[in-house]
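Quick notes on the structure that follows.
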Amino acid sequence: MPVNYTVQAEVVDIRSDAPKNDDIFLVDTNAWYWYTYTNASISSRPYQITEYPSYIAKAISANSLLLYCGLSLAELAHNIEQTEREIFSSTLKSKEYRHNFPTERAKVVAEVQTAWSQVISSAVCTDVLVSEETSNAALTRFQTQLLDGYDLLILQAMDKAGVTQIITDDGDYVTVPGIKVFTANSGAIAAATSQGKLLVR
């Protein structure tokens, strides 16, 4: 069933956009996953492993400023471990895989370290202190914007840094007013087009 996005952000189709040297982007975890992880193609759609790495590479070539949030490490590590577990055995539970197969654990650690090393060498950290104030602000946003918990905190990091542009495949971000979502997500792009929110630069 297609997702019925109520688009409040401006949306840019990365398949036809060229990053500029004055662009500042926060790169969402999903885009880092496809850009840095060697086995990303196993759990991804073909456009995800081509369009996002290509756009990030173009942004680097254009001298755009790329940012990452330290919170992305948790999500990236989780996604990499999940994919490595599926490669090893689709029947094992996460805890069994993590604790009972030390060689596999070492492989996961190496993959995460390699991926994270690429993130920190390609971008600058913008962080958010997950304080009571931050949590309350995220909870308030949760009531009106259709995002998950990670995304709420990523948005808090964007707010703190004064950044309004995000590279992501996560269509939930199009529900956030005041930001620009750079994406190849066809559902989000179609919704933005039909609601007059697609931005061509």
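The values are calculated or read from the model by the stated rules, or taken from the named source; none is laboratory data. Source: prediction; values computed, not measured. SASA here: full protein model, heavy atoms, side chains in, ligands and nucleic acids out. Shrake-Rupley method; radii C 1.70, N 1.55, O 1.52, S 1.80 Å.
Aspartates and glutamates within cross-link reach of Lys160: Cα-Cα under 18 Å, excluding same-chain residues under 8 positions apart? Filter leaves Asp23, Asp28, Asp127, Glu132, Glu133, Asp151.
Taking only the C-alpha atoms of segment 103-201, Rg followed by Dmax gives 16.2, 52 Å. The residues of the chain expose, per residue, 50 Å² of accessible area to a 1.4 Å probe.
Can you return the lysines within cross-link range of Lys20? Criterion is Cα-Cα under 18 Å, with same-chain partners fewer than 8 residues away left out. Cross-link targets: Lys58, Lys180.
Extension gain, Asn136-Ala74: 0.36 nm per intervening residue step, less the Cα-Cα distance, totals 20.2 nm. Among the protein heavy atoms of the chain, carbon and sulfur supply 54% of the accessible surface, probe 1.4 Å, non-protein parts ignored.
Using only DSSP helix segments of four residues or longer, with each worth -39500 (n - 2.57), what per-residue ellipticity at 222 nm results for the chain after dividing by its residue count and rounding to 500? Kindly include the intermediate steps, with their values, before the conclusion.
Working: 8 runs with 102 residues, N = 201.
Result for the chain, helices only: -16000 deg cm²/dmol.
Straight-line cross-link reach from Lys93 at under 19 Å between alpha-carbon atoms covers these aspartates and glutamates, not counting any fewer than eight positions away in the same chain: Glu75, Glu81, Glu84, Glu104.
Considering only protein heavy atoms, with the full assembly of protein chains and a 1.4 angstrom probe, order Phe142, Phe25 by accessible area, largest first.
The ranking, largest first, comes out as Phe142, Phe25.
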